[in-house]
Amino acid sequence: MASETVVIPPAELPEVELYHAKSWITKYVFSQDAKVIAIQYSGTAVLIGLVGLVLSWLMRLQLGFPETFSFIDESEYLQYVTLHGMIMVVYLLTALFLGGFGNYMIPLMVGARDMVFPYANMLSFWIYLLSVLILVASFFVPGGPTGAGWTLYPPQAITSGTPGSDGGIILMLVSLVFFIIGFTMGGLNYAVTVLQARARGMTLMMMPLTVWGIFVATILALFAFPALLVASIMMLFDRILDTSFFIPMIYEMGEVIPREGGSPVLFQHLFWFFGHPEVYIVALPAFGIVSDVISTHARKAIFGYRMMVWAIIAIGGLSFIVWAHHMYVSGMNPYFGFFFATTTLIIAIPTALKLYNWTLTLWKGNIHMTVPMLWCIAFIVTFLNGGVTGLFLGNVSVDVPLSDTMFVVAHFHMVMGVAPIFVIFAAIYHWFPLATGKMLNNAMGQFHFWVTFVGAYLIYFPMHYLGFVGVPRRYYEIGETTFVPPSAADLNAFITIMVLIVGFAQVVFIYNLLTSIFSGKKSEVNPWKATTLEWQTSEFPPGHGNFGDELPVVYRWAYEYGAPENVDDYVPQNIHPDKVARKPIAE
Amino acid sequence: MSILSQLREKPWPQSNGATVLKVGPSILRTPTEVGLLFFLASITGLFTLLLISYNGRILLGNDWVPVPDPAILWINTAILIFSSIAFHRARKHAQASKVIGIRKNLLVAGLLTFGFLSGQTIASLQLYELGYYVSNNPANAFFYLLTGIHALHLIGGLFVWMRTQYRVQLGVDLRKIKVSVELCAIYWHYLLVVWLIIFVLLLTT
């Protein structure tokens, strides 16, 4: 074997001054430490996510057992639909993946002491919290929150007759504006920390895929959220100042409103120019995390690392030119639809490549069926299922009859609801010991996994069928129709029961989280024997400043598992090559 | 190393077992500069989408009645150009570490910005008095929206300007002052370009 040459390049920049908190308040409340901010972001996102979860239960109660619950009327049902969607997509998934995992993992994984702009990072969380509080406040204004659907399409979003068209829609839009401002402050941190604060030796291609996923997703968000910002501000003008950016000539309560010429389709373009990249803002961090967790728990290097990076970048780029596939039924030019159908199908190529690579990483790996690994395998299957129905809906001629049916609901829940949530669970089970120093209870973890995994399929597979037979989405009640068979009602009741069972499993999970923090089994250092830097800190769990006196130096990529020439089956990124125990070479 | 050759790097162990450590992040700029560039990229998206919506609304509706552009907009434009020039001079003085030069030019640049914002307010008030209310026509609404969002970005910049001016008055930490002046200058030049594009669009439609 050739002798190893190691040249440690000098640091190019002096270390960033680390902010040291002087009081309890600045340490734990108005904290500038990315790890504390990550916990704050995650806690807030999970709490508001639980609200979204309860809303979905209420919706399902109505759909499964219509005319049973007197406390759910038509308006309330629409409000549940709207707030459930908005909360889950923006306030839970985006905030948890970027604000939560981004803040926690980026500095630790790239070998930095903290984010590069800690003050802006702190503001980012507090503005996010403000946006959540504004959203919650909309439940308590006269008329309640908006019931316009999470896409907030005008003109109905702001005309009377739609629930929440008084104060609800205003608070919704204001909340989104604050969310975007807060996110931008955090997003600049994530992107610049990845580019400028990496440890010595950590070239771009040495970064773990988790960092790549979050990094590219952040860039997508920095470019996509302005579209939602523009749309929200213009709609606020329309609602408050009676302008007509999006409002065409329309009858409201039997009278022509004094506006004309506005274009609802313009709003749809703006919304989906944000909305489609948003899918990948949620999916790319999930892709990254899943790659690292699979590699660690299969004790095998990720298959095709470069392809994985390139695929992340390619998906990120393509995600900006597929948005109008959400608008096939808006009366667009067929050639326009053809273009977007083509780009939509092209995006399946890098995505499929990732699926193959995950599967090939498992192939002949030393697979440990730990709870994080179970979630990852469930993710691969679920993302594939959701992706395949996406190929159906990406084609104009198939999409048109399926538009606004339960098929679409089943598709996007599989692909960007269930699949990313599985990864969030994988990540929580994987990194919980790092954040708390305790292990989660395994039996409860297994129960949580199996009930959620099997339950999710029992919920969403029948929903595809409901869509096929023509059950529309967003309907309070189907009633009696000629085309929907009575069995659809039984299926709906079955789905609702499954929803409640899966909901119970989440209660077990929350219980597991809370009890494990206080009385869980103490975790050993680096319990999964991972190579990445977050497990190599001087303190465990990592303390303020992450890495003791000296920042780590990176000598290899993050996937040195099971190399035949090494004694140990893993070599962390920061171990000097001379200190790696090698097997004696056979003569 | 260019970004493309960085992305072609093979990070896995090579067949000869040699580990050659590469230089870490290639640092060409300070983190704050890179942060500003990302921010500018993001708000470029914002303004681009606004301008696309502007044109889209003209094409999609048939109710567009152009706004008469108040003459004061020309004066405002000149003021903003001078402000940008003053920032440029402050930046030159910062590079030469001349604190007095920074102080004078920075003050002028900030005051001119206040002048620009006042001028923009006057322009809006003039239109309002002439009866060009925001709800009457999309052209009016867009006039207030575009000038308003541009002004908000300048006001945000003024907070950074105030902090820099305060540091310059105290005369502490020349390194930080240099970075702040540099960033302010880039930001103001950028917003000048944005304003010129908006102004041309307002004049021609």
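None of the figures in this text is laboratory data; all of them are computed from the coordinates on show. Note that this is a predicted model, so its numbers are computed, not measured. As a convention, Cβ positions derive from the backbone with ideal geometry for all residues, glycine included, and neighbour counts pool all protein chains shown.
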For chain B, rounded, prolate or oblate, judged on the Cα gyration tensor with a ≥ b ≥ c (square roots of eigenvalues), a/c < 1.5 rounded, else prolate if a/b > b/c?
-> oblate
Working out 0.36 nm times the residue gap between B:Gln95 and B:Phe159, then minus their Cα-Cα distance, what length gain in nm do you get to one decimal?
-> 20.8 nm
Please label the shape of the range A:23-81 as rounded, prolate or oblate, based on the square roots a ≥ b ≥ c of the eigenvalues of the alpha-carbon gyration tensor (a/c under 1.5 means rounded; beyond that, a/b larger than b/c means prolate, else oblate).
-> prolate
Members of A:Lys27/B:Lys178; A:Lys300/A:Lys438; A:Lys521/B:Lys10 lying beyond 28 Å, as alpha-carbon distances in this model show | A:Lys27/B:Lys178; A:Lys521/B:Lys10
A:Arg259, A:Arg473 arranged by Cβ crowding within 10 Å, fewest neighbours leading | A:Arg473, A:Arg259
With the charge dipole of the protein assembly as shown built from beta-carbon charges (+1 for Lys and Arg, -1 for Asp and Glu) about the Cα centre, the Cα from A:Gly316, A:Val192, A:Leu284 projecting farthest to the positive end belongs to A:Val192
Positive-end residue, chain B charge dipole about Cα centroid, Cβ charges, pick of B:Gln14, B:Thr77, B:Gln95 | B:Gln14
Amide N proximity, the range A:192-212 versus B:Leu37 label position 7 Å along Cα-to-Cβ, cut-off under 17 Å | A:192-198, A:204
Neighbouring Cβ atoms within 10 Å as the yardstick, rank A:Lys364, A:Lys300 fewest first.
-> A:Lys364, A:Lys300
Which whole-number percent of Cα pairs in the range A:433-587 have a distance greater than 24 Å?
-> 61
Starting from the Cα of B:Lys176, draw a straight line to each of the lysines and keep only those under 22 Å, dropping any in the same chain fewer than 8 residues away.
-> B:Lys92, B:Lys98, B:Lys104
When only DSSP loop residues count, what chymotrypsin sites (Phe, Trp or Tyr not before Pro) in the range A:66-117 have their Cβ near at most 15 other Cβ atoms within 10 Å?
-> A:Phe69, A:Phe71
Computed on alpha carbon atoms, what radius of gyration and Dmax characterise the range A:93-167, expressed in Å?
-> 17.8, 54
Roughly what % of Cα-Cα distances in the range B:143-205 sit above 19 Å, to the whole percent?
-> 42
Direction-averaged shadow area of the convex hull around the Cα atoms of the protein assembly as shown, nm²?
-> 36.4
Helix-only [θ] at 222 nm, chain B, -39500 (n - 2.57) per DSSP H run of 4+, per residue, nearest 500, equals -27000 deg cm²/dmol
Assuming R0 = 41 Å, can you tell me the calculated FRET efficiency for the pair A:Asp568 and A:Tyr465, based on Cβ-Cβ distance, to the nearest 0.05?
-> 0.20
Assertion target for A:His448, B:His153, ordered by fewest C-beta neighbours within 10 angstrom first, is B:His153, A:His448
Apply 1/(1 + (r/R0)^6) to the Cβ-Cβ distance of B:Lys176 and A:Ser397, taking R0 = 56 Å, and write down the FRET efficiency to the nearest 0.05.
-> 0.40
Simple Cβ-charge dipole of chain B, Lys/Arg +1 and Asp/Glu -1, about Cα centre, in debye nearest 20 | 1100
Going from the alpha-carbon gyration tensor of the range A:455-530, what semi-axes, largest first and in whole Å, does one get by taking the root of 5 times each eigenvalue?
-> 42, 14, 9
Modelled FRET efficiency - R0 25 Å, A:Ala581 with B:Trp12, Cβ distances, 0.05 increments | 0.80
Compute the semi-axes of the equivalent ellipsoid of the range A:189-252, taking the square root of 5 times each eigenvalue of the Cα gyration tensor, and list them largest first in whole Å.
-> 43, 10, 6
Averaged over peptide A:239-250, how many Cβ atoms belonging to another chain are found within 10 Å of each residue's Cβ?
-> 4
Cβ-based charge dipole, the protein assembly as shown, positive-most Cα from A:Tyr77, A:Leu434, A:Ile424 = A:Leu434
Please report, in debye to the nearest 20, how large the charge dipole of the range B:80-191 is about its Cα centre when each Lys and Arg carries +1 at its beta carbon and each Asp and Glu carries -1 there.
-> 760
Rounded to the nearest Å, what's the spacing between the alpha carbon centres of the range A:306-375 and the range B:110-163? Just the number, please.
-> 43
With +1 on each Lys and Arg Cβ and -1 on each Asp and Glu Cβ, and nothing else charged, work out how big the dipole of the protein assembly as shown is about its Cα centre, in Debye to the nearest 20.
-> 2500
Taking every residue of A:198-204, the Cβ atoms of other protein chains inside 10 Å of its Cβ average out to 6
Using a 10 Å cut-off on Cβ to Cβ distances, tally the other chain neighbours for every residue of B:57-65 and report the average as a whole number.
-> 4
